[in-house]
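> Have a look at the structure that comes next, please.
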Amino acid sequence: PYAWTKATNTEMVRNYGDWYGLKYAITYFYNVYGPGERAGAYGTLIEIFRQRRLAGEHLRVNAPGTQKRNFTHIDDIVEGLVLVGESGEGDDFGLGDSRAYSILEVAEMFGGEIVMGPEVAGNRMSADIDTSKSRLLGWAPSRALIDYIAQTPGAKTKPRRD
C-alpha cells in the first residue's frame, strides 16, 4: 500500500499541475535520520537502533542483513528542499545520500549484541535512488551517517576523518 500511495499521490500532483498550469516539484527522500526522530512502531531504523543501543538492548536485523538502504540527514533534506523551491524547476528530485549501507553494517556501527531475525517476505534487497537532478541544482548531502552514529554513547564506530 505504501508504494501504491506514493505513486498515486505523485500522479495526482502532476495531473493537477498540468491541468491548471501550476508549477510543482516532487521530491523523494531516502531514510531520513537526525534529531527529533521517534523510535516507536513507525520509527526509523537509525533511531530504533540508537535507542536500543542506549538502553543496552540487542539490535535485531532481519535476515539476511545484506539489504541495502540509503540514509540522509534531515538537515541535508532541508537544504535540498530550499534549492528545489528556489529553482522554480517543475520536475522530480531525489534527495538522498548515494552511499548505501547494509542493515547489518548499520547495526555493526552501533555495536553491541546483534540478533538475526527471520527474513521478511517482500523486503527489498536494495533501493535504487536517483539524485542526478538535485545535483544539477548544486545539492549534495554533506553529513555522513557514520558521524551521526558515532555521537551515540557506546557506539562502536568513530567519526570519519576527511
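Nothing in this text is a laboratory measurement; each read-out follows from the coordinates by a stated rule. Quantities reported herein were computed from a predicted structural model and do not represent experimental measurements. Counting neighbours? That spans all protein chains shown, and the Cβs are built from the backbone with ideal geometry, glycine included.
> Among the DSSP beta bridges whose two residues both lie in the chain, what percent are antiparallel, rounded to the nearest 5?
Working: 3 of 13 bridges.
Once the DSSP bridges in the chain are tallied, antiparallel ones form about 25 percent.
> Could you sort out which of Lys133/Lys156; Lys133/Lys158; Lys68/Lys156; Lys6/Lys156 sit more than 29 Å apart by Cα distance in this structure?
Pairs exceeding the cut-off: Lys133/Lys156; Lys133/Lys158; Lys6/Lys156.
> Rank these for me by crowding, Phe110, Phe49, going from fewest to most other beta carbons within 10 Å.
Working: Phe110 21, Phe49 27.
Going from sparsest to densest Cβ surroundings: Phe110, Phe49.
> Okay, moving on. Give the span of the chain's Cα atoms along each principal axis, as three whole-Å numbers ordered largest to smallest.
If we take the Cα atoms of the chain, the spans are 55, 39, 24 Å.
> Is the range 85-162 rounded, prolate or oblate when judged by the Cα gyration tensor, a ≥ b ≥ c being the square roots of its eigenvalues, rounded requiring a/c under 1.5 and prolate requiring a/b larger than b/c?
Oblate shape, in that a/c is at least 1.5 and b/c is the bigger or equal ratio.
> Something else about it: Going through the range 24-120, which trypsin sites (Lys or Arg not before Pro) have at most 11 other Cβ atoms within 10 Å and a DSSP loop state?
Of the trypsin sites (Lys or Arg not before Pro), the ones in loops of the range 24-120 whose Cβ has at most 11 other Cβ atoms within 10 Å are Arg38.
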